[in-house]
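Please treat every number below as a calculation from the coordinates, not as lab data. This is a predicted model, so every value here is computed, not measured. As a convention, Cβ positions derive from the backbone with ideal geometry for all residues, glycine included, and neighbour counts pool all protein chains shown.
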Amino acid sequence: MMLAETLLEQLNDPALSHDERVRLRCRVAADFEHRGQYEAARDALAGVWRGVGQQPDLEGLSERTVAEVLLRVGTLSSCFGTNQQVEGVQEAAKDLISGSVTRFQALGETTRAAAAQSDLALCYWREGAFDEARVVYVGALEELRDQDPELRARISIRLTMVEFSSGRLNNALRILTDNAPVVEVSENHALKGSFHNQLGCVLMFLGKDERRPDYVDRSILEYTAATFHFEEAGHTSYRARAENNLGFLLYTIGRYDEAHRHLERARRLFVGPKNVGNVAQVDETRARVLLAEGRAREAAKVISSAVQTLSRGGEQGLLAEALTTQGRVLARLGDVSESQNKLRSAADLAQQAGAVDGAGRALLALIEEHADRLTVAELLEAYDRADNLLKDTQDAEIVARLRACAGRLVAAHRAVTPASKQSRSITDFWANFSLPKKVHAFEARYIERALRDAQGSVSRAARLLGFKHHALLASLLRGKHKKLASLRTPPGKRRRSILRGIGQSKAAKDLQLITILYVEDDRIVAGTVKETLELEGCRVKLSGDGTDALKKLESNAHYDLLIFDNDLPGTNGIDLVRYARRLPHRRLAPIIMLTAGDVEAEASHAGVDAFLRKPEDIRTLVETTARLLNIDPR
């Protein structure tokens with residue numbers, strides 16, 4: 001029986017006070033929410049729930065219980081806001097959760113306060129306000145210090161979502177690596193699923209940026225592991241997100257048919273009126289795949305529906321991404337004016353939400369799709385703004401796109417300069433020329449004038465410059481234009497926020513020559529491992545139980561490598577190892593034990609050459625196989 005069902009039975013106890021009963025309902029709701037059963041979680045809060053984003057009924061409750069109710073209602077409202085794209089819900093959810101944080105802190109409930117801060121940060125991330133989300137997550141970790149390692153790991157994994165969304169891929173990978181030991185020993189399938197899903201995202205983009213096909217292969221394994229753990233946790237929506245991520249990965253490496261299959265699977269898991277926001281996100285990815293296939297008209301229909309849905313909610317970052325995709329689609333269909341409007345709107349929307357990377361990508365798309373149609377002044381404005389927004393990115397692809405766009409800007413300038421003037425002054429003009437320096441000086445003149453005319457007020461100066469939010473100007477004064485910072489009036493004290501085919505290697509070619517016997521009774525794991533090895537060209541023979549494996553070992557069939565699970569029907573893996581070592585024609589065969597059991601010492605004594613834990617170490621299986629067979633990785 002699940003925890004929620006057990007707790008529901010306790011609600012029948014007539015001795016419970018009103019306060020105790022409400023607190024128990026919060027525990028039930030938390031368990032349902034943890035499993036992605038949001039409607040059940042809402043129903044569990046009967047008596048206090050008044051609607052999505054609404055203040056709950058708190059009459060007669062203790063401060064401790066009030067804090068729990070505000071947290072549950074706030075997090076559920078945020079989830080419903082995302083799934084159903086309800087406008088303004090994230091702001092209401094933040095207010096509710098902030099009230100919870102304040103009460104937990106006043107009560108000295110450090111762990112609960114940190115957990116609430118983590119849920120608050122998730123609201124900011126959903127809005128695309130990545131800087132604010134980062135501040136909250138870091139604050140939550142500082143609140144915890146050395147307490148509750150598993151909660152620290154969960155918060156850290158969420159923090160990597162922010163780092164990933166901001167293009168700080170190496171930071172995200174470091175955080176995940178640091179938290180891997182805690183995740184490995186955890187029995188929490190939802191935590192493990194989140195870890196593998198996020199690691200898959202990071203490896204996917206690092207693999208592309210650093211030209212590491214092994215990272216891309218590992219990301220496929222990570223997404224597969226994430227799907228397994230989310231299924232074990234009974235979390236359908238998270239499993240669908242992992243499928244969507246896998247579809248996106250396959251799209252980036254040109255495997256469009258497979259991408260469509262996984263995206264359709266994600267869509268089926270999400271489908272329904274209560275998941276329209278998630279369906280829209282899947283459709284945005286589908287539109288990218290269709291566009292890459294040259295099916296622009298089909299892409300237009302799909303992305304139009306996604307934009308309509310996302311425009312009803314408050315998740316501006318997601319809407320900006322969808323508008324960027326729509327802008328590209330319209331450009332391919334020849335609708336120039338509307339395409340430019342969509343891409344500029346995407347940039348403005350993302351920047352207002354704090355999703356600076358998304359804003360920068362929208363501006364790059366504007367230059368890439370319309371460089372030949374924009375004036376030099378328009379190109380310069382778009383490039384300079386994109387360069388400023390993306391100055392901290394660690395995404396190598398984005399940096400390459402920036403450079404390419406700078407080249408287009410120079411080419412456009414030359415195209416409008418008279419040939420006689422070009423030939424006469426070309427050497428002098430380009431001597432020691434630096435476009436960033438020229439743009440910097442040009443920008444500095446106008447920022448200085450705006451600050452002086454606004455008498456040092458950053459807000460008024462930002463309006464004079466045409467910025468939609470003063471935070472952009474404040475950022476420029478902290479970064480590119482520090483010398484002008486003295487012109488601003490001292491900012492008032494800010495209230496503390498509580499708040500991502502390379503050629504085949506020699507190793508891959510050599511792996512195509514080997515045959516492997518793999519003994520595993522779990523069909524999901526067996527299929528995953530078999531697919532992983534066969535993607536490298538290996539021939540994999542499966543056996544589902546120990547008794548059958550004994551017969552295969554006794555036979556004259558040729559196997560270059562043996563892989564055994566330990567917990568098998570019939571004969572266990574340790575006994576299979578011992579038996580293989582006694583057979584003359586198997587004695588020297590490399591053996592890998594891939595198991596979830598804690599039998600490493602016994603397996604080593606029996607004669608295994610490598611011990612791997614599933615599913616975490618599946619990602620290292622190809623590398624281990626190559627090493628044991630002395631295959632040169634070059």
Amide H contacts of L612 (H built 1.01 Å from N, under 5 Å, at least 5 apart or other chain): M593, L594, T595
Calculated FRET efficiency for the pair H558/R50, C-beta based, R₀ 56 Å, to 0.05: 0.20
Neighbourhood charge, 10 Å Cβ-Cβ cut-off, centred on L71 and excluding it, Lys, Arg +1 and Asp, Glu -1: +1
Qualifying trypsin sites (Lys or Arg not before Pro) in the stretch 318-396, DSSP loop, other Cβ atoms within 10 Å at most 16: R373, K391
Paramagnetic reach from D567 in the stretch 170-209 [backbone N under 19 Å; point 7 Å along Cα→Cβ]: 183-193
Pairwise label distance in nanometres, R344 with D521, each label 7 Å out on the Cα-Cβ vector: 6.7
In the stretch 190-234, the trypsin sites (Lys or Arg not before Pro) that fall in loop regions by DSSP, at most 12 other Cβ within 10 Å: R211
Proximal charge balance of D146 [Cβ under 15 Å; K/R count +1, D/E count -1]: -3
Zone of D392's modelled label, taken as backbone nitrogen in the stretch 172-196 under 17 Å from a point 7 Å along Cα→Cβ: 172-175
With 10 Å bins from 0: P(r) over the chain, alpha-carbon pairs, percent: 3, 13, 22, 22, 19, 12, 6, 2, 0, 0
Inter-label distance for R403 and K301, nm, one decimal - labels placed 7 Å from Cα along Cα-to-Cβ: 4.1
Least to most buried among Y137, Y446 (fewest other Cβ within 10 Å first): Y446, Y137
Rg/Rg_globular for the stretch 538-594, with Rg_globular taken as 2.2 N^0.38 Å and Rg from C-alpha atoms: 1.00
Full-stretch length increase - D453, E264 - with 0.36 nm per residue and alpha-carbon distance subtracted: 62.5 nm
Separation in nanometres of the label points that stand 7 Å from Cα toward Cβ, at R539 and L629: 1.1
Size of electric dipole in the chain: Cβ of Lys, Arg +1 and of Asp, Glu -1, about Cα centre, debye, nearest 20: 2940
Virtual paramagnetic centre 7 Å along Cα→Cβ of T547, amide N under 12 Å, in the stretch 562-598: 569-571
The stretch 272-419: mean projected area of Cα convex hull, nm²: 9.4
